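The block underneath contains the structure these notes are about, expressed in structure tokens.
No value in this document is a laboratory result; all are computed from the given coordinates. If you're wondering where the values come from, they're calculated on a predicted model, not measured in any experiment. All Cβ positions, glycine included, derive from the backbone under ideal geometry; neighbour counts span all protein chains shown.
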Amino acid sequence: MSIRIYNSFSRQVEPLTTLEPQAVRLYVCGVTVYDQAHIGHAMSALVFDTVRRYLEHRGYRVRHVVNFTDVDDKIIARSLEAGVSAFEIADRYARDYLIGMERLGVLPATLYPRVSSEMPAIVAMVQDLVAKGQAYAAANGDVYFRSRAFHDYGRLSGRSFEDAESQEPESGFKEDPADFALWKAAKPGEPAWETPWGQGRPGWHIECSAMACRHLGEQIDIHGGGMDLLFPHHENEIAQSEAATGRRPFSRIWMHNGMLRVNGEKMSKSLGNFITLDDFLARYDPDVLRLLVLSSHYRKPVNYTDEAIAGSEKGLERLWGALRPARPGATAHPADEERLAVAASQACVELESAMDDDFGTPGALAALFGLVTEINRARDAGLGAEVLAAAQDTLVDLAMILGLDLRRGAAAAGQDQGDAGDLVAGLMDLVLDLRAGARAARDWATSDTIRDRLTALGLEVVDTPDGSSWRQVG
Ligand SMILES: [Zn+2]
């Protein structure tokens, strides 16, 4: 079976077919680097990290390009405020972003082109569009794209020229209010580049068309970005790229992720619900955010709430807990061995079939948790270390396809620390078995004493319908 992806352009789920066999040219719109990375940026990066990891798992070579917008009004405003150059501001936040992505376990893109170092390609594309009559230099030194002259304009978004008009400020120099800027004439104090139309800087949309063309080719396989970029940004990208190259489609598939919301609201500084990635990572394991993002389908919004984060932490602990070693003295029946081996291969099939269907991460997670249940059951049944370890390895490998690093997480949580960890885990199994015995005998005093003494040692006992587990806190 091939991978099937929802294409925002055709509004249909389509089988993935690529320009070259077993290779994917993937372009994802990146961030404007004028401030710290926030969890909304992280969400989009995690979505496309999952896409890329899965494509690679299925044997595709992925050339993954993510741009940095480092020439922009917000960066210029920030640089004037801070009294440092726009270049310095952009470079600081680009680095901050990359560090955050590394901490989140996001695979680095093949390339992170920046507008400031792509100027020849951008200027060449604008020149090309002017030469083809698809764009014109206005009297004030701006260059505009003739939207109405591109007959497919609006096909991606279904939006009208009236909508396009409302997106672009009226400069008084446009032929038509629906035209959008490819190039903006320089204003005093702003970074500017020399061109045939005088000094200036690029509009926002043209950078992605020029970078995708330069680094991936005139046509690409998948173009990704947040739902908020669909109009006008991606609509304008299609118009620019196809008008310049004469090749259609510019991208075979358009993928758009849903937006992150905080307590059901849009995240914004003015609402005071703005969460930077640094703040998040100071409090939580990085995979807490990844698991939250994976828990809903990428086209749906993710709602960030305290309960959702708590649920995600619990889920991770459950995944990590499955790596606890076997109990000493194997007593399991061969049928238990067989059952676990079947469950492990079943989980592989389920994960792939969920992911093949438009990257269905909730189904993929269900496959992981199904395997966790079977591993825990097998351990309780007294399955030997070797057989248990094989299923645990499968679990770790499957989770890694989704970018969840269970070995790292379990080690950080103190549940997988080699020989010393095995001893602690074995002792804790013993203690929790004794406590379960006390509870079964309604000896609450002993049960509570055990829990309190463990708490004093920094070990929290978590009671669930499946039994008790433990974790190190603080
Ligand atoms: Zn873009």
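Of note:
- Cα-centred dipole magnitude for the range 248-394, charges only on beta-carbon of K, R (+1) and D, E (-1), debye, nearest 20: 560
- Distance between the C-alpha centres of the range 62-77 and the range 283-300: 24 Å, rounded to the whole angstrom.
- Per-q log10 I(q)/I(0), the range 1-76, q = 0.12, 0.19 Å⁻¹ (Debye; single scatterer per alpha-carbon; no solvent): -0.45, -0.92
- Relative packing of 122-129, 263-270, which averages over residues the other C-beta atoms within 10 Å, highest first: 122-129, 263-270
- Debye, to nearest 20: dipole size of the chain, +1 on Lys, Arg Cβ, -1 on Asp, Glu Cβ: 260
- In terms of packing, defined here as the mean over residues of other Cβ atoms within 10 angstrom, the peptides 193-202, 214-223 line up highest first as 214-223, 193-202.
- At least 20 Å along the helix axis (C-alpha) and Kyte average at least -1.0, DSSP helices within the chain: 39-57, 86-104, 306-321, 334-356, 361-380, 385-401, 418-440
- For peptides 83-92, 233-242, 246-255, sequence by mean Cβ density within 10 Å, most packed first: 233-242, 246-255, 83-92
- Between the amide H of Gly226 and those of Asn257, distances stay under 5 Å, these residues lying 5 or more places away or on another chain, with hydrogens modeled in the peptide plane.
- In this Cβ point-charge picture (+1 for Lys and Arg, -1 for Asp and Glu), the range 304-391 has a dipole of about 500 debye about its Cα centre.
- With the convex hull of the Cα atoms taken as the outline of the chain, the averaged projected area works out to 25.8 nm².
- Cut-off under 5 Å, modelled amide H: who pairs with Val31 long-range: Thr69
- Near Asn303, the amide H atoms lying under 5 Å from its own belong to Arg261; only residues 5 or more places off or on other chains count, and H is placed 1.01 Å from N.
- 21 Å Cα cut-off, lysine pairs counted over the chain (separation 8 or more, or different chains): 9
- Estimated from helices alone, the mean residue ellipticity of the chain at 222 nm is -15500 deg cm²/dmol (sum of -39500 (n - 2.57) over DSSP H runs with n ≥ 4, per residue).
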